[in-house]
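Trainee: Dropping a structure here in structure tokens format, bear with me for questions.
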There are 4 protein chains.
Amino acid sequence: MKTLIVLTLSAACVVPAFSQGVGYTDTPQIRGQQWKVHDKERPNPPTVTPGATFSNGAPPPSDAVWLFNGKDFSHWTQGGGAPKWKLENGYMEVVGKSGNIATKDEFGDAQVHLEFATPSKVEGESQGRGNSGVFFHGQFEVQVLDSHNNKTYADGQAGALYGQWPPLVNAIRPPGEWNTYDIVFEAPRFDAAGKLTKPGYITAFLNGVCVQNRQELNGPTNHKATDPYKAYSGKGNLSLQDHGNPTRFRNIWLRPLGEHN
Amino acid sequence: MKTLIVLTLSAACVVPAFSQGVGYTDTPQIRGQQWKVHDKERPNPPTVTPGATFSNGAPPPSDAVWLFNGKDFSHWTQGGGAPKWKLENGYMEVVGKSGNIATKDEFGDAQVHLEFATPSKVEGESQGRGNSGVFFHGQFEVQVLDSHNNKTYADGQAGALYGQWPPLVNAIRPPGEWNTYDIVFEAPRFDAAGKLTKPGYITAFLNGVCVQNRQELNGPTNHKATDPYKAYSGKGNLSLQDHGNPTRFRNIWLRPLGEHN
Amino acid sequence: MKTLIVLTLSAACVVPAFSQGVGYTDTPQIRGQQWKVHDKERPNPPTVTPGATFSNGAPPPSDAVWLFNGKDFSHWTQGGGAPKWKLENGYMEVVGKSGNIATKDEFGDAQVHLEFATPSKVEGESQGRGNSGVFFHGQFEVQVLDSHNNKTYADGQAGALYGQWPPLVNAIRPPGEWNTYDIVFEAPRFDAAGKLTKPGYITAFLNGVCVQNRQELNGPTNHKATDPYKAYSGKGNLSLQDHGNPTRFRNIWLRPLGEHN
Amino acid sequence: MKTLIVLTLSAACVVPAFSQGVGYTDTPQIRGQQWKVHDKERPNPPTVTPGATFSNGAPPPSDAVWLFNGKDFSHWTQGGGAPKWKLENGYMEVVGKSGNIATKDEFGDAQVHLEFATPSKVEGESQGRGNSGVFFHGQFEVQVLDSHNNKTYADGQAGALYGQWPPLVNAIRPPGEWNTYDIVFEAPRFDAAGKLTKPGYITAFLNGVCVQNRQELNGPTNHKATDPYKAYSGKGNLSLQDHGNPTRFRNIWLRPLGEHN
């Protein structure tokens, strides 16, 4: 007799989801989903403790651009000038109210590696704690947040495509520890008439745990709103958000994503 | 004035593709593609040197099953009995002609991490060198091959979905070095009548380099053939191929992939 | 003509030492040194920023005992019973006033790997901030402290042999980040009459930076005191200090150190 | 009742030493030891399987000189000119009969990190297999050898201070895999009259396993000979040996070792 054991997500290894009572009820419906933006009722994802390492400190492959190696801001700009964010100990740190910083270079489809640490000093709640973000082409945000023991709406968790898709699981490390993001971004495509021919997609591993699996973007991400796609070149920069919290980033590299023969 | 630099795959960082004259001309057309199976004319992917580490030795997340931790074959079976592959130095090694080995457990959609090394002693050519494979549900193979300075057909390279999709780039390490695979597998779905409702998909990072980006499987992978999907439960095991070469594997873990709320 | 460049510790890469005005003036002289215990005038070591990884998450070699793998306290005891420290997310955390914890096993000379994180929430000053310690045989302490931007006496820095030897450099990571210790401990030896025949020695790498290079211990470490060696078996446990701050530890393994043929 | 378990090196976790019948009987006695140089009768060290990672790919600390980052030979020279060794895939590889290569810079006491791989293709026996070496100041060699399943004399194993001290254990990886060396070198000191005032010492971790614990050097290392110390400045270069086998090296960094306050 053959005995089969089928593995499924079980209570043994994940913390069950719960409705956390944080979020909104008066926001618009997300296109194609049963939920509203930042829906108060949307269940939070289960929590997973990532392994002690994964891609932490991973050196760039030979075809990558090392956008930040801890030494200088040469690949970055802030409001047209040099970044005012702090540079110390091999990382950069958000300086509140100085604004977002962005790469000087533009790119299309890309694989991105970066590392971030939410502030050691736990301050604020929900979206006010350790908030920052990784923006592709200035429009599509993969959320950065201190989601460790921090109640907030599901589509605002670290690993979320902000306001659209919660992460599959909550794999954030505790405050102050370094997290890794390995992200594949596919830009949307538009025809000559400006009509969307292919939406944008994002795959994301947070600390080696798949939190988005080529998830389709419903349009640019936004706060309390659902924006439609607007035609553009399909090229753009990578930017990091100043949301007022001293989040840190290090070891950022990007490789343009080619196509199959 | 604002100067934009657009990054694209350039000759500076990748080795240009070439037609290698290895492969077939008498095989069937791959459904939906311009190429035949193992097409002699299909260009090989560019070569990329991966960074020195990525997920090498990565410990499993808390919701993973550690299928192989280098100590025993307790999660594995071979032909209904205990595996006859070698177990030494924290890895397992293929013993030629003993057959494939497979997990005792079955699973559906999953994220898998594993590490492999092609044989230190370079022997054979093309598909005869360092050949093995990672099979999902006994049907869908992510190719393992010593593709380092080894001419073979494009859809048989390491990182290929065998006979269907070449890897986006050739990111294999030299013989004897440990490679890492981080794979997301989505099983195909069938309706009650056995009709395919959603095909299978595979995302794969080889040594931290994206080689398949949620690529749709055209059906089960095969040699010199294109097989149609056949309805099944959507559950199955993970198996490793005995192709006669002493390939090594270590640190294999799998986490069931949940769905979005 | 041949030009030689001799590398020395220069201001370019290290922060110059300074006298920090924290410490004592009324403590006893350290045997064989020009300084008093916790000497207020002893210069602090230069600061070095460690690389992003080193032995972080390093799996144990085959001859090691994995004293703590993040899952249970099976190798540990506290006051004769089970440890009351917190166990979560793959690490243990000091519970203040519960006391030190110690291994059940005893050992002689040993190589030890462990990882620790000082509290994310920065509280207290000098020795009151992120204080803990790694004790060999209950007598010899390698200091654990949040020495990041924290003035304290030189022989009380992280990496110090407490009260005896400051670290060669200050290589601590910021609060909340994981640090690694790779330590070689040689126990003192005594003859049948209880006379010291060989002192104890400690080599320590903090985050891959050599902070103690087989440094001779002057005797058991202590606070504001210099204790003489007292004969014992040369065997003892490994213990971790409860100094009231919620320091975290993970991935602790120990391998007995053999002798040369 | 309190039960103590004392951990010692046991047959359970190490392969017992054996006399391998390879070596010499007509060589001079090593000063201060019971053995002759490359003594045929000296027992080989036990074998240990290192963990899958340790300092593999470790980025340099801020006070290190990155002597080789895989991109160029700018820090190296060979016979007064540019190195003729191969440079590819982020590593350098010995080109037989081209000679040793050495750093342009000189240094005194130092901590060195480097990675090496013995040839994938196993050729030759004993000292003829995967032989190379790391030389400090052109005089003191830490042995590089394919010691995996390769009988040779004890003081010629990978991790040996060649011709003087076998490694404490044999922790080499199989052919073709990357090994890491983390070494602390203390140069000998001489007085104005050229008399030795302090011998040289070497501490070495091979793949994270302590193989030399501040071992005193008896003088310069040599083949079948025991050389006395000869006074010199205490400064010198780091060099890598061409012993005819295509050994590979990568990621080499060095930090000058300061002294205790």
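Table: residues versus (1) open to solvent by less than 20 Å² (accessible area, probe 1.4 Å); (2) not hydrophobic (A, V, I, L, M, F, W, C).
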| site | (1), (2) |
| --- | --- |
| D:VAL22 | no, no |
| D:GLY32 | no, yes |
| D:PRO50 | yes, yes |
| D:ASP63 | yes, yes |
| D:TRP66 | no, no |
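Trainee: Taking the condition among the β-branched types (Val, Ile, Thr) and farther than 23 Å from A:THR47 by Cα, does A:ILE252 pass? Break it down into steps so the answer makes sense when it comes.
Mentor: On the way: among the β-branched types (Val, Ile, Thr): yes; farther than 23 Å from A:THR47 by Cα: yes.
Answer is yes for this residue.
Trainee: Check D:LYS151 against each of (1) more than 10 Å from every other protein chain (Cβ to nearest Cβ); (2) at pLDDT 95 or above and name the one condition it does not meet.
Mentor: It fails just one condition, (2).
Trainee: Please verify whether segment D:122-131 includes one or more residues that are closer than 30 Å to C:ARG214 by Cα, modelled with pLDDT of 95 or more and either hydroxyl-bearing (Ser, Thr, Tyr) or within 19 Å of the chain's Cα centre (by Cα) (or both).
Mentor: Yes, there is a match, as at least one residue in segment D:122-131 is closer than 30 Å to C:ARG214 by Cα, modelled with pLDDT of 95 or more and either hydroxyl-bearing (Ser, Thr, Tyr) or within 19 Å of the chain's Cα centre (by Cα) (or both).
Trainee: Which residue is farthest from the chain's Cα centre (by Cα), if the candidates are limited to segment B:154-164 and must be within 11 Å of another protein chain (Cβ to nearest Cβ) and part of a loop (DSSP other than H, G, I, E, B)?
Mentor: Applying the filter and picking the extreme gives B:GLN164.
Trainee: Taking only pairs six or more apart or across chains, which ones have beta-carbon atoms under 7 Å, a first residue in segment B:148-169 that is on the phi > 0 side of the Ramachandran plot and among the hydroxyl-bearing types (Ser, Thr, Tyr), and a second residue that is buried (at least 24 other Cβ atoms within 10 Å of the Cβ) and modelled with pLDDT of 95 or more?
Mentor: Filtered contacts from segment B:148-169: no entries.
Trainee: Oh, and also: Give the number of residues within segment A:92-104 that are closer than 25 Å to A:PRO256 by Cβ and either buried (at least 18 other Cβ atoms within 10 Å of the Cβ) or among the polar types (S, T, N, Q) (or both).
Mentor: Qualifying residue count, segment A:92-104: 5.
Trainee: Given the structure, is D:ALA192 in a strand (DSSP E or B) and small (Gly, Ala, Ser)?
Mentor: Spelling it out, it is not the case that D:ALA192 is in a strand (DSSP E or B) and small (Gly, Ala, Ser).
Trainee: Just checking: which of the strands (runs of 3 or more DSSP E) contained wholly in segment D:208-261 hold 3 or more residues that are within 24 Å of D:GLU93 (Cβ to Cβ), facing another protein chain (nearest Cβ under 8 Å) and touching a strand residue (DSSP E or B) at 6+ places or on another chain (Cβ under 9 Å)?
Mentor: Here the list reads D:248-256.
Trainee: Within segment D:165-189, track down each residue that is within 14 Å of chain B (Cβ to nearest Cβ), within 13 Å of the chain's Cα centre (by Cα) and in a strand (DSSP E or B).
Mentor: D:ASN170, D:ASN179, D:THR180
Trainee: Could I ask something else about it? On the given criteria, is D:ASN237 open to solvent by less than 60 Å² (accessible area, probe 1.4 Å), within 30 Å of D:THR25 (Cα to Cα) and of a type outside the set (Lys, Arg)?
Mentor: No, not satisfied.
Trainee: If you go through segment A:138-149 one residue at a time, how many are open to solvent by 10 Å² or more (accessible area, probe 1.4 Å) and closer than 12 Å to A:THR47 by Cα?
Mentor: Number satisfying all stated conditions: 2.
Trainee: Tell me, please, whether a residue that is of a type outside the set (Val, Ile, Thr), over 23 Å from D:ASN56 (Cβ atoms), more than 14 Å from chain A (Cβ to nearest Cβ) and in contact (Cβ under 8 Å) with a residue 60 or more places away in the chain can be found in segment B:30-39.
Mentor: Yes, some residue in segment B:30-39 is of a type outside the set (Val, Ile, Thr), over 23 Å from D:ASN56 (Cβ atoms), more than 14 Å from chain A (Cβ to nearest Cβ) and in contact (Cβ under 8 Å) with a residue 60 or more places away in the chain.
Trainee: Additional query: Quick check: anything in segment C:69-80 of a type outside the set (A, V, I, L, M, F, W, C), open to solvent by less than 40 Å² (accessible area, probe 1.4 Å), closer than 25 Å to B:PRO60 by Cα and at pLDDT below 95?
Mentor: Yes, segment C:69-80 contains a residue that is of a type outside the set (A, V, I, L, M, F, W, C), open to solvent by less than 40 Å² (accessible area, probe 1.4 Å), closer than 25 Å to B:PRO60 by Cα and at pLDDT below 95.
Trainee: Can we say B:GLY258 is among the small types (Gly, Ala, Ser) and open to solvent by 40 Å² or more (accessible area, probe 1.4 Å)?
Mentor: no
Trainee: Please count how many residues of segment D:197-207 are open to solvent by less than 60 Å² (accessible area, probe 1.4 Å) and part of a strand (DSSP E or B).
Mentor: First pass over segment D:197-207, keeping only residues open to solvent by less than 60 Å² (accessible area, probe 1.4 Å): D:198-207.
Subsequent filtering for residues that are part of a strand (DSSP E or B) retains D:198, D:201-206.
Total satisfying the criteria: 7.
Trainee: If only one of C:THR203, C:THR221 is under 20 Å from C:TYR153 (Cα atoms) and of a type in the set (Ser, Thr, Tyr), which one is it? Write out each step before concluding.
Mentor: Working: C:THR203 fails: under 20 Å from C:TYR153 (Cα atoms).
Step by step, each of C:THR203, C:THR221 is checked, and only C:THR221 is under 20 Å from C:TYR153 (Cα atoms) and of a type in the set (Ser, Thr, Tyr).
Trainee: So D:THR152 ticks every box in (1) of a type in the set (Val, Ile, Thr); (2) surrounded by 23 or more Cβ atoms within 10 Å (Cβ to Cβ); (3) more than 21 Å from D:GLU125 (Cβ to Cβ) but one. Which box is left unticked?
Mentor: (3)
The values are calculated or read from the model by the stated rules, or taken from the named source; none is laboratory data. Small disclaimer: the values here were computed from a predicted structure and weren't measured. Neighbour counts run over all protein chains shown; Cβ positions are idealised from the backbone, glycine included. Accessible surface is based on the protein model in full, side chains and every heavy atom, while ligands, DNA and RNA are left aside. Shrake-Rupley method; radii C 1.70, N 1.55, O 1.52, S 1.80 Å.
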